[in-house]
1. Are any of the residues in the range A:115-122 farther than 25 Å from residue A:230 by Cβ, surrounded by 15 or more Cβ atoms within 10 Å (Cβ to Cβ), within 14 Å of chain B (Cβ to nearest Cβ) and among the aliphatic types (A, V, I, L, M)?
2. Which residues, taken from the range B:38-63, are hydrophobic (A, V, I, L, M, F, W, C) and crowded, with 19+ Cβ neighbours inside 10 Å?
3. Could you identify the single residue in B:54, B:43 that is at pLDDT below 90 and within 21 Å of the chain's Cα centre (by Cα)?
4. Residues that are among the charged types (D, E, K, R): find the helices (runs of 4 or more DSSP H) completely inside the range A:38-133 holding 2 or more of those.
5. Right, residue A:229: more than 14 Å from every other protein chain (Cβ to nearest Cβ) and in contact with a helix residue (DSSP H, G or I) (Cβ under 7 Å, 6 or more places away or on another chain) or not?
6. Just checking, does the range B:161-172 include any residue being free of Cβ contacts under 8 Å to residues at least 12 places away in the same chain, under 16 Å from residue B:132 (Cα atoms) and not assigned by TED's automatic domain parsing to the domain that holds residue B:34?
7. Could you say whether any residue in the range A:43-65 is exposed (fewer than 15 other Cβ atoms within 10 Å of the Cβ) and in contact (Cβ under 8 Å) with a residue 60 or more places away in the chain?
8. What is the residue count in the range B:15-58 for residues that are within 14 Å of chain A (Cβ to nearest Cβ) and free of Cβ contacts under 8 Å to residues at least 12 places away in the same chain?
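The values are calculated or read from the model by the stated rules, or taken from the named source; none is laboratory data. Computed from a prediction, not measured in an experiment: that's the story for all the values here. Neighbour counts are summed over all protein chains in view; Cβ atoms, including those assigned to glycine, are modelled from backbone coordinates with ideal geometry.
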Amino acid sequence: MLRDITLGQYFPGSSVIHNLDPRTKLVVVFVYIVLLFVGNSFVSYIVLGALLAACIAASGIKLKMLLRGIKPVIIILIFTAVLNIFFTPGTPVFTLWRISVTYEGLRMAAYLIIRIVMLITGTLLLTYTTSPLALTDGLEALMRPLKKIKVPVHELTMMMSIALKFIPILIEETDKIMSAQKARGADFETGNLIQKAKAMMPLLIPLFISSLRRAEELAMAMESRCYHGDDGRTRMKQLVFAGRDYAAFALTAVTAAVMITLAVFGF
Amino acid sequence: MTPIIELEKVSHVYSEGTPFELAGIRDVNLKIEQGEFLGIIGHTGSGKSTMIQHLNGLIKPTAGKVYFKGEDINASKETARDVRFKVGLVFQYPEYQLFEETVYKDIAFGPKNMKLSDAEIDDRVREAARFVKLPESVMNKSPFELSGGQKRRAAIAGVIAMQPEVLILDEPTAGLDPRGCDEIIDNIKEYREKRGATVIMVSHSMEEIARTVGRMVVMYHGHIAMDGTPRDVFAKKKEIESMGLSVPQVTKIAERLKAMGLPIDDSVYTIDQLMLELTALRGGGIRC
């Protein structure tokens, strides 16, 4: 059911990956994503895949949990892969009627699948091993320079952490209201699109109302504890880079160097 | 006679196969007879809510069977949906599920889903409103304009309007003032008497359970730890307290009086009983 959604979910743990500074993880993931699109050969994806595999192994997160995140995009994945296979011009492998499957097309489709799967597993590894709070803390620290040009960094990250915090609460709430309406005979599954949309009203209206109520309550609770924004705010947990963070940066730099070399020399 | 609802070795595990795996209930066996008023108590997280959601097929057991009048309710999708109309479930804080423009329409939501005729729906809505003592004047108001107690009653009416044979309520009085609590309990009692319905009530308040139900079940760590009349259950004070629950305050007073040397019955659990005991003692010539 709804509670099985793993979007943005955090699995607590104490592995090396869990203990890395969130800033490190954010930077590494960013570089990793860039490298995914720098790579243009199977050799380069093996290099990057090895890095990802090492991180997954070190994190202790089950591969099954990571692959679960791919499920929602599987249709898009197949669709784009098929389009790529059939509509990329190049040397034909074989021809069916007027459509030919090309060597280039197969390669493009394979790259595409590899890129998307690695993109999802990589980013999921980040959210699985980093608590939402640490994640937004890291983001705030990384974006601090933007404050110079009047970007409300603290406010943005505060909004983000509140939003993240509310996801599981809202999922639970949705589950509850859904059960309550089902107990009164509501049917969310059968019917055509319009009927289904109409059937959602008994779910959406209470959900909106309770979200507004929760937002108001939270604002009140924050104000009554004298929350006043960024200025003069201190932290209980200061972000400090440790040896493992420098090691992670070094490893990423080496991987990046290898990837770029491979791309330049066209392997 | 076949029990109206029967649970047979029912277990439910949440998020099976993930690190969040959590046993809701384990190996629960329970028979509920026609017309019974059953109370369910237990600590937070003891599996009460999980169990009651099995009774009308909202949750499917991961192992075991649930029977309604001898029929397996999870046999097919149709039977599961059918049972929902016969076993009405009022969730905790049911006022959060109100959504229609008017109170009338909201109460009519259940009966409408049963595909009844308009006249029948109208009858049922008005009768349900009478059961929970909602005045005619609020029927055309938005449910969001009502007071907390009225919202709660409107939501309960929404389930009563389906005229279920079994009415299940998860903490129907949570968060209400004492008078609101009494009113709701009276409404439920009245529904049971007039309709001959079976009522199952989850509650945290021992006092409430003690003076309302005929039989009570104590849940502990996902299984049924005790099952019997309030008299039987509250007599086992030590056991109940070891589960993080307590006996009604009146029972504690009776115990203290007994410790002071008054010959009082062991299983006093309502104020009325204690009053009877004490007046009997005075009649017997002992001053207290």
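1. no
2. Across the range B:38-63, the qualifying residues are B:38, B:40, B:41, B:51, B:52, B:55, B:58, B:59.
3. B:43
4. Numbers: elements: A:42-59, A:63-68, A:74-87, A:103-129.
Those helices (runs of 4 or more DSSP H) span A:63-68, A:103-129.
5. It is true that residue A:229 is more than 14 Å from every other protein chain (Cβ to nearest Cβ) and in contact with a helix residue (DSSP H, G or I) (Cβ under 7 Å, 6 or more places away or on another chain).
6. Checked the range B:161-172: no residue is free of Cβ contacts under 8 Å to residues at least 12 places away in the same chain, under 16 Å from residue B:132 (Cα atoms) and not assigned by TED's automatic domain parsing to the domain that holds residue B:34.
7. Yes: the range A:43-65 contains one or more residues that are exposed (fewer than 15 other Cβ atoms within 10 Å of the Cβ) and in contact (Cβ under 8 Å) with a residue 60 or more places away in the chain.
8. Count: 7.
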